[in-house]
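Step one of this worksheet: look at the structure below.
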Amino acid sequence: MNITVIGTGYVGLVAGACLAETGSQVTCADVDAVKIGGLRDNVLPIYEPGLDALVERNQGQGRLTFTTDVGAAVGSAEVVFIAVGTPPDEDGSADLRHVLAVAETIGKHQSRELVVVTKSTVPVGTAAKVHAAVGKFARLPFHVVSNPEFLKEGAAVDDFMKPDRVVLGVETDFARSVMAELYAPFVRTGKPIIFMDVPSAEMTKYAANAMLATRISFMNEIANLCERVGANVDLVRKGIGSDSRIGPSFLFPGPGYGGSCFPKDVQALLRTSEGEGTPMLVLGAVEQANVRQKRLLFEKLQEVLQDRLAGSRVAVWGLAFKAQTDDMRESPALTLIEAILGAGASVVAHDPAAMGEAKRRFGERMSYARTNYEALNGADALVIVTDWNEYRFPDFTRIKRALSRPVLIDGRNLYDPVKMRALGFTYRSIGRGHE
Ligand SMILES: NC(=O)c1ccc[n+]([C@@H]2O[C@H](COP(=O)([O-])OP(=O)(O)OC[C@H]3O[C@@H](n4cnc5c(N)ncnc54)[C@H](O)[C@@H]3O)[C@@H](O)[C@H]2O)c1
């Protein structure tokens, strides 16, 4: 099958490489010439486990090509995926400018009957707008499909190759059969392709992310209360997660959710619900709880260091919004670092993947360490934001020796509070008490 993917970010690049891996001829198009130039040399703009090998192999074998000529890329395609960004507009609603601009380009350059697939996360009603934008210029039949993407950054290739399910909002039998054929290689283990009407497919993506964000904010609030009442959230989590009605996923408390999806999609759904006169009260609280949670690590640091905070040096381990990615969009580390700098302290940071991104964001406002231990030299406290595997079993003696004060704020509950106390640390974690 001849496929074009427009937008070569986390979603578009992963989708393009994975579709090429199943034998399709894939062209990835993007307006970012630097990104496309790098990709032609197999230099990836993002860190995503397994993606580099996939890009190199499929490009090497001629199934995957990269271009900045979006119009020409549309010309030969049977299926075009729209995977451009949908950033929040000023009021939090999804900004559809890129999606609709691409839809017009598709209409102008279409050269055969075409399936146009919206993979970007877009509010209900967008497919109709895409249809109108393509239709303004199209002279041949086309079919608009809504195909929300559920991949997780950090495991994106695996998620795309072996999805839990594929959701497809279709309006015609033609689109249905093309999409069923295209996705057949990815659901060979029996995972479902769920066909539905287009608005339901668009809504499914927001409902999924809103549900996951709700679980996180809910558990963060339970954790904060656990601390007050002397309960241990790790045990509470196990206690409720083993209930088959609840399940164990997404119950880990932490420093608040970040990334490019949850914050933006929660806001967009809130704006949609308000616009429809059915405001989502639970979801509003989910967002507020998350804003508060992102301040928690700083508040814990402040509580321990008190008036020694100003002028101190704080080591931060982990900058990405979660492990296995270099993505810092809406990361709780951003809130923490700004608060520390604002309090007159300095920051020295380490992250296994996000140092380049951090330097772009903070420049010389903070220092960067080559290793996690190097970050500790001369620091007065350590705060852990991201649960990278390499932070799980550190040499505590070395940490204690390097820090001028044995203060460790653990935003991911990586360590045992009893052991940390025995080692002489002033240790704070989330929802587990500390006295
Ligand atoms: N990142 C995720 O984990 C994830 C998961 C599921 C869904 N989504 C959704 O997928 C969409 C893309 O997200 P992302 O994280 O890949 O975004 P991204 O910002 O990483 O990439 C978007 C790409 O689109 C390109 N682009 C913008 N306008 C363009 C145009 N007119 N023509 C061609 N290219 C253009 C940009 O240059 C950029 O490379 C968003 O709607 C997002 O909500 C993201």
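The values are calculated or read from the model by the stated rules, or taken from the named source; none is laboratory data. None of these values were measured; they are calculated from a predicted model. Cβ coordinates were reconstructed from backbone atoms using ideal geometry, including for glycine residues, and neighbour counts include every protein chain displayed. Each accessible area value is taken on the protein alone, full model and side chains, heavy atoms only, with ligands, DNA and RNA left out. Shrake-Rupley method; radii C 1.70, N 1.55, O 1.52, S 1.80 Å.
Identify all residues within the stretch 254-282 that are assigned to a helix (DSSP H, G or I), small (Gly, Ala, Ser) and out of contact with any Phe, Trp or Tyr (no Cβ under 8 Å at 6 or more places or on another chain); write none if there are none.
Once the filter is applied, which keeps residues that are assigned to a helix (DSSP H, G or I), small (Gly, Ala, Ser) and out of contact with any Phe, Trp or Tyr (no Cβ under 8 Å at 6 or more places or on another chain), the stretch 254-282 yields Ser273, Gly275.
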Flag if Val157 is more than 13 Å from the ligand (Cβ to nearest atom), out of contact with any Phe, Trp or Tyr (no Cβ under 6 Å at 6 or more places or on another chain) and closer than 21 Å to Cys18 by Cβ: no
Residue count for the stretch 380-431, restricted to those that are open to solvent by 30 Å² or more (accessible area, probe 1.4 Å) and either of a type in the set (D, E, K, R) or in a strand (DSSP E or B) (or both): 13
One residue from Val134, Val116 being at pLDDT 95 or above, within 16 Å of the ligand (Cβ to nearest atom), open to solvent by less than 30 Å² (accessible area, probe 1.4 Å) and not in a helix (DSSP H, G or I): Val116
Condition broken by Gly75, with the remaining ones in (1) more than 9 Å from the ligand (Cβ to nearest atom); (2) over 26 Å from Gln324 (Cβ atoms); (3) within 25 Å of the chain's Cα centre (by Cα) satisfied: (3)
Selection from the stretch 89-107 of residues that are open to solvent by 50 Å² or more (accessible area, probe 1.4 Å) and either more than 10 Å from the ligand (Cβ to nearest atom) or in contact with a Pro (Cβ under 7 Å, 6 or more places away or on another chain) (or both): Asp89, Glu90, Asp91
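Among the residues in the stretch 23-43, are any closer than 23 Å to Glu181 by Cβ, more than 8 Å from the ligand (Cβ to nearest atom) and assigned to a helix (DSSP H, G or I)? Even if it seems obvious, please write down each step before you answer.
Quick first cut of the stretch 23-43, residues closer than 23 Å to Glu181 by Cβ only: 23-29.
With the extra rule that they be more than 8 Å from the ligand (Cβ to nearest atom), the set shrinks to 23-28.
Then drop every residue that is not assigned to a helix (DSSP H, G or I), which leaves none.
So far as the stretch 23-43 goes, no, none of its residues is closer than 23 Å to Glu181 by Cβ, more than 8 Å from the ligand (Cβ to nearest atom) and assigned to a helix (DSSP H, G or I).
Could you please find all residues in the stretch 78-97 being out of contact with any helix residue (DSSP H, G or I) (no Cβ under 9 Å at 6 or more places or on another chain) and farther than 13 Å from Ser120 by Cα? Before the answer, list the steps.
Keep residues of the stretch 78-97 that are out of contact with any helix residue (DSSP H, G or I) (no Cβ under 9 Å at 6 or more places or on another chain), which gives 90, 95, 97.
Across the stretch 78-97, the qualifying residue is only Glu90.
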Filter result for the condition that a residue is assigned to a loop (DSSP other than H, G, I, E, B), out of contact with any strand residue (DSSP E or B) (no Cβ under 9 Å at 6 or more places or on another chain) and over 26 Å from Pro49 (Cβ atoms), over Gly344, Gly363: Gly344
Number of positions in the stretch 28-63 that are farther than 16 Å from Ala156 by Cβ and more than 24 Å from the chain's Cα centre (by Cα): 9
Among (1) away from the ligand (no atom under 14 Å from the Cβ); (2) in a helix (DSSP H, G or I); (3) without any contact (Cβ under 8 Å) to a residue 24 or more places away in the chain, the one test that Glu181 misses: (3)
Only one of Ala223, Ala231 that is aliphatic (A, V, I, L, M), assigned to a loop (DSSP other than H, G, I, E, B) and more than 23 Å from Thr121 (Cβ to Cβ): Ala231
Residue count for the stretch 55-77, restricted to those that are open to solvent by 10 Å² or more (accessible area, probe 1.4 Å), farther than 11 Å from His109 by Cα and assigned to a helix (DSSP H, G or I): 4
